[in-house]
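The values are calculated or read from the model by the stated rules, or taken from the named source; none is laboratory data. What you see is a predicted model, and the numbers here were worked out from it, not measured in a lab. Heads up, the Cβs are rebuilt from the backbone with ideal geometry, glycines too, and the neighbour counts pull from every protein chain shown.
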Amino acid sequence: MGEPVRTLAYGSWPSPVGAALAAAHDGRPDDVGFVGEEVWWTEPRPAEGGRRTLVRRHPDGTEEQVLPSPWNVRSRVIEYGGRPWAAVATDSGPLVVFVHFADQRLYACRPGGAAPRPLTPRSAVGGGLRWVEPQLRPERGEVWCVLEEFTGEGPTDVRRVPVAVPLDGSAAEDRAALRELTGERHRFVTGPRVSPDGRRAAWLAWDHPRMPWDGTELVVAGIGPDGTFQDARTVAGGPEESVAQVDWAPDGALLYASDRTGWWNLYRDGQPLCARDEEFGGPLWKLGQRWFAPLDSGPIAVLHGRGAAVLGILDPQTGEVVDAAGPWTEFAPTLAVLGERVAAVGAGPHSGYEIVELDARTGRARVIGSPHQDAVDPAYYPRPEIRTFAGPDGRDVHAHLYPPHHPGCRAPDGTLPPYVVWAHGGPTSRSPLVLDLEIAYFTSRGIGVAEVDYGGSSGHGREYRERLRGQWGVVDVEDCAAVALALAEEGTADRRRLAVRGGSAGGWTSAASLAATDVYACGTVIYPILDLTGWGTGETHDFESQYLEGLIGPYAEVPERYAERSPAEHADRVTAPFLLLQGLDDVICPPVQCERFLARMAGRGVPHAYLAFEGEGHGFRRAETMVRALEAELSLYAQVFGLERPDVPVLELKP
């Protein structure tokens, strides 16, 4: 017989899901690609300083780390990076090029051979030279990339252009040896995709103040005998049409994902392939993201859905999509194809992200790399529910609900659990419905979690995305509050024990919620934006430096709105205890935002804690940081909600 079920108060349940366990499983494989017949990808190493390594899967199924510590395969272009590696099979073994995070130089190596050698020079100007989306062109002795070059010391003193880098290393100390591929000038560009006949290139471009999900231009150019792009012209997209990805079909037709109908759908030479109220693309936060990939035989591997992205095969002749069978309900926007093989990164509510291969001929899908392994008994995993709540004016608000769950514990009759509302980052993003041990950390202890895809989130069409235009700090705050209060009103959550939590843009929503509502008893605010005026006038990086033009309004026209919405300007309204977490190397949401807010909170008597982490940027990557942050968050809830949690250090809350 099994162990008897114990009756313990919500929030006090013992759990095998520790903070160290959650940290060890943070992050996911990414940047999948074929090298010859092999599948390669990048993978996080939280216990090795948070670096990312490159992994290959040999034909016999064994996995090998290609680059040992301290090599860190990660780009900083637009700070969020993008695809940082490429490789090609040769008679003497794979030739690999990759971006090393520490110096952002492009390196080349052969696995098992000499140490990686630099291909690109250093620059002492500003952030230097950075590279992303390398594409090997061995027939030209080059690798083509996007170059991000700082021209001054300011974060917006920067230019971006497709560049050819010699593979012989001649540019390692000579900037003049780099060859710019086009004179076409836009603030932002993606890596060029070359047509099957090698005669044309296509890429995406956009300029301030647009973000890529607002509007991009699809540019096509001829490739001259000298390898430069000629006669560039815009063939799709515009200020109010977002093209998220472009590629070429094997027969030379131009394929792209555009939201011209209000949904990112696929087009072939301008004609729709599968007109649906679904997303076949997404917000381009990293250069090189791939939501579709054409197969040699004509069909197209696609990611599609509403509020989710599942893997399927689209028949361009009929418009039909056949989805891959399996437990995966969410796929990351990184697809690779070889013949009829599709490599992808998928996860589900009860499994983490893993490398999946789909045979497009048979429809068989299987895990081939980085397989999910249950770190604890799956009985401790949360049991998510997909919910839609009514927000202000009856508008739909989408959410994922994770009730408290424990196989050996129940709460006393007549009691309700505390709940934490999670606001995702972005804000033009969404919450994937996948196994997350950070969520299990709370739900297995008797604390519920509600992930809210507030108005402005992606995955639900352009109209839903546009709800946040000019309304950041209003709609997101209202929608999160609507979910929290609905949970209390329906008897799911304890009204007196609600919290709000988020990072980056979600940190903004959390702080704004504490300043603008009395819904929450406390909040966790992680590497946030707190002062719109400072952030929007020079305190952040170039990519998002004019994001607020759409989210708030043009600063020159509505400066008072920037002040009115900022939690830093209304510290006097914050009365609930809070935890503030910040990376000291963060250039996206810099520490000065927290410091300014805390200076205005001083002497107000509101219990709070501020934990700042050296060596961490935007998004914590080191295991020890994640453990400290998660345990501190639990201690905050224990103190505010009256929970017994002897398993975590007590967080000192100062008035």
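Values for this structure:
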item	result
Unique residue being surrounded by fewer than 24 Cβ atoms within 10 Å (Cβ to Cβ), of a type in the set (D, E, K, R), at negative phi and modelled with pLDDT of 95 or more when the list is Arg501, Arg495	Arg495
Of all residues making up the stretch 482-512, the number that are without any contact (Cβ under 8 Å) to a residue 40 or more places away in the chain and under 25 Å from the mean Cα position of the chain (by Cα)	0
Which numbered condition Glu466 misses (of (1) without any contact (Cβ under 8 Å) to a residue 40 or more places away in the chain; (2) over 16 Å from Arg395 (Cβ atoms))	(2)
Count of the stretch 277-295 residues which are more than 20 Å from Gly426 (Cβ to Cβ) and assigned to a strand (DSSP E or B)	3
Check on Leu580, outside the structural domain of Asp157 (by TED's automatic domain parsing) and surrounded by fewer than 22 Cβ atoms within 10 Å (Cβ to Cβ)	no
For Thr575: the one exception among (1) buried (at least 21 other Cβ atoms within 10 Å of the Cβ); (2) among the polar types (S, T, N, Q); (3) more than 20 Å from Asp479 (Cα to Cα)	(1)
Residue that is assigned to a strand (DSSP E or B) and either within 21 Å of Ala344 (Cα to Cα) or of a type in the set (Gly, Ala, Ser) (or both), where the choices are Arg56, Arg28	Arg56
Residues located in the stretch 627-640, provided they are more than 16 Å from Ser444 (Cβ to Cβ) and not polar (S, T, N, Q)	Val627, Arg628, Ala629, Ala632, Leu636, Val640
Residue list for the stretch 35-53, restricted to those being among the aliphatic types (A, V, I, L, M) and not in a strand (DSSP E or B)	Ala47
Residue under evaluation Ala612, criteria (1) touching a strand residue (DSSP E or B) at 6+ places or on another chain (Cβ under 6 Å); (2) touching a residue at least 40 places away in the same chain (Cβ under 8 Å), criterion not met	(2)
Matching helices (runs of 4 or more DSSP H) fully within the stretch 422-490 where at least 1 residues are of a type in the set (A, V, I, L, M) and crowded, with 24+ Cβ neighbours inside 10 Å	437-443, 475-489
Residues of the stretch 217-257 satisfying the condition of being without any contact (Cβ under 8 Å) to a residue 24 or more places away in the chain and either within 25 Å of the chain's Cα centre (by Cα) or within 22 Å of Arg140 (Cβ to Cβ) (or both)	Gly222, Gly224, Pro225, Asp226, Gln230, Asp231, Gly238
Members of the stretch 587-617 that are surrounded by fewer than 20 Cβ atoms within 10 Å (Cβ to Cβ) and in contact with a Phe, Trp or Tyr (Cβ under 7 Å, 6 or more places away or on another chain)	Leu598
Restricting the stretch 274-298 to residues that are closer than 22 Å to Trp41 by Cβ and of a type in the set (D, E, K, R), the residue that is surrounded by the fewest Cβ atoms within 10 Å (Cβ to Cβ)	Asp296
